[in-house]
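**Student:** Next up is a structure, given as structure tokens.
The values are calculated or read from the model by the stated rules, or taken from the named source; none is laboratory data. These numbers come from a predicted model, not from an experiment. Ideal geometry is used to build each Cβ from the backbone, glycine not excepted, and the neighbour counts take in all protein chains shown.
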Amino acid sequence: MNMIELERSQGFTIVEMVVTIIVVGIIGVGLVSYISDSAESLGDASRRSKMASAGRTAIDRMALELHNALPRSIRVMPAAVVPGDLNATGDQCIEFIPVRAATNYVNPSFSGSGSASFDVIEFSPSLEGTVASDAYAAIFPTNNTAILYDGDNPDDDTSLWPNFPQRRPIQKIGSITDKAPPDATLSVVNLVKSHRFRRRSPTKRFFVVDQPVSFCVVEDKLYRYSNYGFFANQVQEEESGTCVIEPSGTISDRCLPDYSALSASPPRIKTLITDSIDNAGIIAFNIGTQSLTRNSLVKIELNISAEGDSLLLNHEVLTRSVP
């Protein structure tokens, strides 16, 4: 009898087994849910990190180039407007003239018929033989930003474009040569034609600049445009579209370059910086008041969006307005 009772006391009852299965099931569901949530959170964090990295890289690149912009040259195109829905698309451009080098001038012309060459303090490092045909001389940019870009002058021979008229703060450079001793501390800037600069700089500051650069938000992408020339009126349309350049309404194909312009001569460049931008209702670029006595701030605002997540990035760039 005792042996029978002992044998019966070993093993599990059905109730115990059912309870065990239920408990194990509850624990398993909890573990699966925990692992699933952790994996989803990791994926979300990774996606947001990629979005932040892409947006920050784009903003850092723009900020770096804007820091090197010619004073008074930054201008923004108003955000595109759809009737009844202000800033619906968020498409917008910011344009500036990048500085290649700077020094102090000695004897450029500010009166009369101008001169085709003048002396400057030697560049460090030297620019002798390194200045390409798209380099320009700039002295004391003023409040009228448009005159910095007026190389597409309809009153001049367009075969010489860009052709800056007299009494502008900017003109095209032909070459730069270093002087021999005893004037070895000086360089000679040779312009493509005689030119009279508009105003003297209080600090005799002289800039060598390149062709303008534009950053544009176009739908969900940010592009960088370069090597497209100077336009008195800022444009944001590409060559594949129809662009109105002159105040008279003249139609021209001198617009921001599309990808096909890479094969043009000289080549014009369009570069994709980042995508996944959703700037509907957001002004991407906003520049503060510029004056000849104070610097200014450029505000950059990009909303990066992917798979239902969005990340709004704000950045302010201190720019030089005092030339």
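**Student:** Which is closer than 14 Å to residue 220 by Cα and among the hydroxyl-bearing types (Ser, Thr, Tyr), of 296, 291, 263, 310?
**Tutor:** Every option except 310 fails the conditions.
**Student:** Just give me the residues in region 257-297 being over 22 Å from residue 63 (Cα atoms) and among the basic types (Lys, Arg), in sequence order.
**Tutor:** Answer for region 257-297, where residues must be over 22 Å from residue 63 (Cα atoms) and among the basic types (Lys, Arg): just 268.
**Student:** A further question on this structure: Mind checking whether some residue in region 277-284 is modelled with pLDDT under 85 and either in contact with a Gly (Cβ under 6 Å, 6 or more places away or on another chain) or polar (S, T, N, Q) (or both)?
**Tutor:** There is no residue in region 277-284 that is modelled with pLDDT under 85 and either in contact with a Gly (Cβ under 6 Å, 6 or more places away or on another chain) or polar (S, T, N, Q) (or both).
**Student:** On to the next question. Considering only residues that are over 13 Å from residue 177 (Cβ atoms), touching a residue at least 60 places away in the same chain (Cβ under 8 Å) and not in a helix (DSSP H, G or I), which ones fall in region 117-148?
**Tutor:** Answer for region 117-148, where residues must be over 13 Å from residue 177 (Cβ atoms), touching a residue at least 60 places away in the same chain (Cβ under 8 Å) and not in a helix (DSSP H, G or I): 121, 134, 135, 136, 137, 138, 139, 140, 141, 142, 143.
**Student:** Taking the residues in region 287-323 that are over 17 Å from the mean Cα position of the chain (by Cα) and in a strand (DSSP E or B) as candidates, determine which candidate is surrounded by the most Cβ atoms within 10 Å (Cβ to Cβ).
**Tutor:** 311
**Student:** Further, regarding this structure: Kindly provide the set of residues from region 202-228 that are in a loop (DSSP other than H, G, I, E, B), modelled with pLDDT of 85 or more and closer than 17 Å to residue 69 by Cβ, ordered by number.
**Tutor:** Within region 202-228, 210, 211, 212, 227 qualify.
**Student:** For region 151-165, does any single residue satisfy the condition of being under 27 Å from the mean Cα position of the chain (by Cα), modelled with pLDDT of 85 or more and in a loop (DSSP other than H, G, I, E, B)?
**Tutor:** Scanning region 151-165 turns up no residue that is under 27 Å from the mean Cα position of the chain (by Cα), modelled with pLDDT of 85 or more and in a loop (DSSP other than H, G, I, E, B).
**Student:** Then there is this: Between a first residue in region 266-285 that is over 26 Å from residue 228 (Cα atoms) and a second residue that is among the aliphatic types (A, V, I, L, M) and not in a strand (DSSP E or B), which pairs have beta carbons less than 6 Å apart while being 6 or more apart in sequence or on different chains?
**Tutor:** Hits for this filter: 280/88.
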